[in-house]
Amino acid sequence: MTKELIDDEFYVEQKKWGTWDSYDKDGKCIVTSLTEEDCVRATRFILKFRQETQYEENATTYSGSVDYKL
């Protein structure tokens, strides 16, 4: 399958089973969608979010616990 560069920022590619994946320029998967249009739209949304919030992947982790008795 061929990759197509979108907005000079990311690639979209159709997989053999019909889904669409987007990848950043480093080849890291961003999102998987059922249609090319949804894939492009979701990827733009995610990249905009990361840019506006200065998103750092794996920068923060959370943990929690639940205590209960039967």
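The values are calculated or read from the model by the stated rules, or taken from the named source; none is laboratory data. Values in this document were obtained by computation on a predicted structure and should not be read as measured data. Ideal geometry is used to build each Cβ from the backbone, glycine not excepted, and the neighbour counts take in all protein chains shown.
Points to keep in mind about this one:
- Among the residues of the stretch 35-56, those that are free of Cβ contacts under 8 Å to residues at least 12 places away in the same chain and of a type in the set (S, T, Y) comprise T53, Y55.
- Total residues in the stretch 4-35 satisfying the condition of being of a type outside the set (A, V, I, L, M, F, W, C) and surrounded by fewer than 16 Cβ atoms within 10 Å (Cβ to Cβ): the figure is 15.
- Residue-level check: of (1) exposed (fewer than 13 other Cβ atoms within 10 Å of the Cβ); (2) hydrophobic (A, V, I, L, M, F, W, C); (3) at pLDDT 80 or above; (4) in contact with a strand residue (DSSP E or B) (Cβ under 8 Å, 6 or more places away or on another chain), M1 misses just (3).
- Hey, G27 within 15 Å of the chain's Cα centre (by Cα) and at pLDDT below 95 or not: yes
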